[in-house]
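Undergrad: Dropping the structure in here first, questions after.
The values are calculated or read from the model by the stated rules, or taken from the named source; none is laboratory data. Here the structure is a predicted model, which means the values were calculated and not measured. Reconstructed Cβ throughout: ideal geometry from the backbone, glycine too, with neighbour counts over all protein chains shown. To get the accessible areas, we keep the full protein, side chains included, count just its heavy atoms, and leave off ligands, DNA and RNA. Shrake-Rupley method; radii C 1.70, N 1.55, O 1.52, S 1.80 Å.
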Amino acid sequence: QVQLVESGGGLVQPGGSLRLSCAASGSIISINAMGWYRQVPGKQRALVATITSGGNTNYADSVKDRFTISRDNAKNTVYLQMNSLKPEDTAVYYCNADLLSHGLGSIDFGDYWGQGTQVAVSS
């Protein structure tokens, strides 16, 4: 009943920029927080940035001062503006949502993930 759809990934040169979007839809009651994580082969999925519905943000040290997370609560959408991209940023980026939704006759608490979008930074 809940779906997260990501967009905005692609190939970009070092120093370039990309803007990722993730829209949550379905029987959502409320969203506590949304965020972005990334993963490369052989590595654990790692935090990039998170933002609460109240606007509190958290960033990985490796992306501070380069990436900016923002959200539109009315649209249940989170964005990740990525500037000054480096080859080390190459990964599959996943959207995450911590939310409450209407289940089968109950209220469900869920940790939902998008399908992932590839970001490749290369000359």
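Undergrad: Would you tally the net charge around I31, using a Cβ to Cβ cut-off of less than 15 Å, leaving I31 out, and scoring K and R as +1, D and E as -1? Can you show the working numbers first?
TA: Details: positive: R71, K75; negative: D72, D98, D108, D111.
In short, -2.
Undergrad: Moving on. What residue among Y59, Y79, Y93 shows peak mean-square fluctuation when the chain is described by a Gaussian network model with Cα springs under 10 Å?
TA: Y59
Undergrad: Under a straight-distance cross-link criterion of Cα-Cα below 18 Å, which aspartates and glutamates are reachable from K43, leaving out those fewer than 8 residues away in the same chain?
TA: Within reach: D61, E88, D89.
Undergrad: Follow-up. Picking from A60, A33, A91, which is most flexible by a Gaussian network model of the chain using Cα springs under 10 Å?
TA: A60
Undergrad: So how do I29, I51 rank on accessible area, 1.4 Å probe, biggest first, that is with the largest at the start? All intermediate terms of the calculation are to be shown ahead of the outcome.
TA: Values: I29 75, I51 10 Å².
Descending accessible area places them as I29, I51.
Undergrad: Let me ask you something else. Once R0 is set to 22 Å, what does the formula 1/(1 + (r/R0)^6) return for the Cβ-Cβ distance between T57 and N32, expressed as a FRET efficiency to the nearest 0.05? Could you put the intermediate results ahead of the total?
TA: Working: r = 14 Å, r/R0 = 0.63.
For R0 = 22 Å, the calculated efficiency reads 0.95.
Undergrad: Averaged per residue, what accessible area in Å² does region 17-108 show with a 1.4 Å probe, protein chains only?
TA: Working: 4720 Å² over 92 residues.
Here the residues of region 17-108 average 51 Å² of exposed surface.
Undergrad: Another question, if that's okay. Using a 1.4 Å probe on the protein chains only, how many percent of the accessible area of the chain belongs to carbon and sulfur? Could the numbers behind the result be given before it?
TA: Numbers: 3130 of 6550 Å².
Ligands and nucleic acids excluded, carbon and sulfur reach 48 percent.
Undergrad: Now, a different point. Using a basic spin-label model with each label point 7 Å from the Cα along Cα→Cβ, how many nm lie between A120 and D65?
TA: 3.0
Undergrad: While we're looking at this one, here's another question. Compute, for the chain, the length of the dipole vector about the Cα centre, with Cβ point charges of +1 (Lys, Arg) and -1 (Asp, Glu) only. Units Debye, rounded to 20.
TA: Details: 9 positive and 9 negative charges, 47 e Å.
Dipole size: approximately 220 debye.
Undergrad: At 7 Å along the Cα-to-beta-carbon direction for both Q81 and L11, put a label point, then send me their distance in nm to one decimal.
TA: Using points 7 Å along Cα→Cβ, the separation is 2.7 nm.
Undergrad: Could you check how many percent of all C-alpha pairs in region 56-107 are farther apart than 12 Å?
TA: 76
Undergrad: Please report, in whole Å, how far the alpha carbons of region 28-123 spread along each principal axis, starting with the longest.
TA: Computed over region 28-123, the largest-to-smallest principal extents equal 51, 28, 20 Å.
Undergrad: Let me ask you something else. State the dimensionless ratio Rg/Rh of region 1-73 (Rg: radius of gyration of Cα atoms; Rh: Kirkwood radius). Display every interim value, and only then the final one.
TA: Values: Rg = 13.5 Å, Rh = 13.9 Å.
Here Rg/Rh amounts to 0.97.
Undergrad: Now a separate question. Which residue fluctuates the most in the chain, going by a Gaussian network model with Cα springs under 10 Å, if the choices are K43, K64, K86?
TA: Maximum fluctuation in the GNM of the chain, among the listed residues, is at K43.
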